[in-house]
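Notes follow once the structure below has been shown.
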Amino acid sequence: MDLATIIGIILSFGLVISSIVFNGSILIFISVPSLLIVVGGTIGATLVNYPLRSVLGVMGVIKHTFMSKVESPSQIIDQFMEYANRARREGILSLEPIIKDIEDLYLKKGLQLTVDGLEPQAIQEILEKEITYLEGRHETGAEILSTFGAYAPAMGMIGTVIGLILMLQTMDDPSTIGPSMAVALITTFYGAVFANLVFLPMAGKLKQRSKDEVVIKEMVMEGILAISKGENPRIIEEKLTSFLPPKDRRKET
C-alpha cells in the first residue's frame, strides 16, 4: 500500500473541504447536473480518444497508484549472489530446480532462457523487448489519466457556459442571477478539482512507478546476462550495486 498516495488525496481533499465548511455550507457545492457533465463528458471524450478496452482497464491502472509490489534492490542482489554462487559451484543447470518457485515472471523467463543455453545476446534481445512493451503499457495507462486530467477542466468550462446561457434567459428576475451564477461556476470547480487533485497526480505517480520498475527490470537483466556469461559472483555484485544510489551502496556492500 502506497501511503503517499492515500495521504496526498486525504490531505488535498480535506483542506479543500475544510476551507468550504469554514466559510459556508458544503451543500451549495453539490450539483448532480454539474457532476454528470464533468464525469460523463470526460469519460465520453476519452472513449473517443482511446479504444474501449484501454479505457475500461483504467481501474486496474489506478490500482497501481495505491498499491505497488516491486522488489527492493537489496533483495535482487541477494538473489543473484545466491544464483551466481550456485551456478559457479554446480553449473548453470543447477538453477533449473529453483526456477519453478520464482514468482517474478521476468526473472523466471530470463533464468529459463539461460538454463536453456541461449546466447547472452539473444537473451538480452528478448528481455529488452519485454522492457519495451512494459514501458508501452505503462505509458498508455498514464496517458489515459493525463487525458482525463485534460478533458475534465474543459468539460467544466462547457458546463459553466451552459449554466450562463440558462442564467441569461432569466435575467428579468435579478434575484436568480446570484444563485444561477454560483451553480454555473460549480461545474468549473468540479473539473479543476478532478483534474488537479486526482487525474494528473495519479498520472505522475504511474510515470514514476514505471521508471522504478524499469530500473528493477534492467537490474535483473544485468544479473541474468552476467550469469549466462559465467562471470565471477563478485563482479556480478559490483555490477548490480552500480544501480543503487551511493548512499545505499555502502549498506549493500
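The values are calculated or read from the model by the stated rules, or taken from the named source; none is laboratory data. Since we're looking at a predicted model, the values are computed, not measured. Neighbour counts are summed over all protein chains in view; Cβ atoms, including those assigned to glycine, are modelled from backbone coordinates with ideal geometry. Heads up: the accessible areas ignore ligands, DNA and RNA and are worked out on the full protein's heavy atoms, side chains in. Shrake-Rupley method; radii C 1.70, N 1.55, O 1.52, S 1.80 Å.
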Lysines near Lys239 by alpha-carbon distance under 18 Å, same-chain residues fewer than 8 away left out - which ones? Lys217, Lys229, Lys247, Lys251
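Output needed for the stretch 118-253: three equivalent-ellipsoid semi-axes, defined as square roots of 5 times the C-alpha gyration tensor eigenvalues, in descending order, whole Å. Please list the in-between numbers first.
On the way: eigenvalues 640, 53, 5 Å².
Its equivalent ellipsoid spans semi-axes of 57, 16, 5 Å.
Per residue Cα convex hull volume for the stretch 92-132, in cubic angstrom?
Details: hull volume 2.0 nm³, N = 41.
Value for the stretch 92-132: 49 Å³ per residue.
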With N denoting the number of residues in the stretch 193-249, provide Rg(C-alpha) divided by 2.2 N^0.38 Å, to two decimal places. 1.66
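Mind checking the per residue accessible area of the stretch 120-206 for me, 1.4 Å probe, whole number of Å²?
I get 52 Å² per residue for this part.
I'm a student and want to see the number: the projected area of the Cα convex hull of the stretch 111-187, averaged over all directions, in nm².
Working: hull surface 27.8 nm².
Taking the Cα atoms of the stretch 111-187, their convex hull projects to 7.0 nm² on average.
Which FRET efficiency value, to the nearest 0.05, do you get for Asp78 and Asn196 by plugging their Cβ-Cβ distance into 1/(1 + (r/R0)^6) with R0 = 41 Å?
Working: r = 41 Å, r/R0 = 1.01.
The value I calculate is 0.50.
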Between the stretch 15-48 and the stretch 178-246, how many Å separate their Cα centres? 29
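In whole percent, how big is the carbon plus sulfur part of the accessible area of the stretch 97-253, probe 1.4 Å, protein atoms only? Kindly include the intermediate steps, with their values, before the conclusion.
Values: 5090 of 8410 Å².
Carbon and sulfur atoms account for 60 percent of the accessible area of the stretch 97-253.
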What list of whole percents do you get for P(r) of the chain, with Cα-Cα distances grouped in 10 Å bins up to the one holding the largest distance? 6, 22, 23, 17, 13, 9, 6, 2, 1, 0
For the stretch 1-117, place one equal point scatterer on every Cα, skip the solvent, and apply the Debye formula. What is log10 of I(q)/I(0) at q = 0.18, 0.23 Å⁻¹? -1.07, -1.24
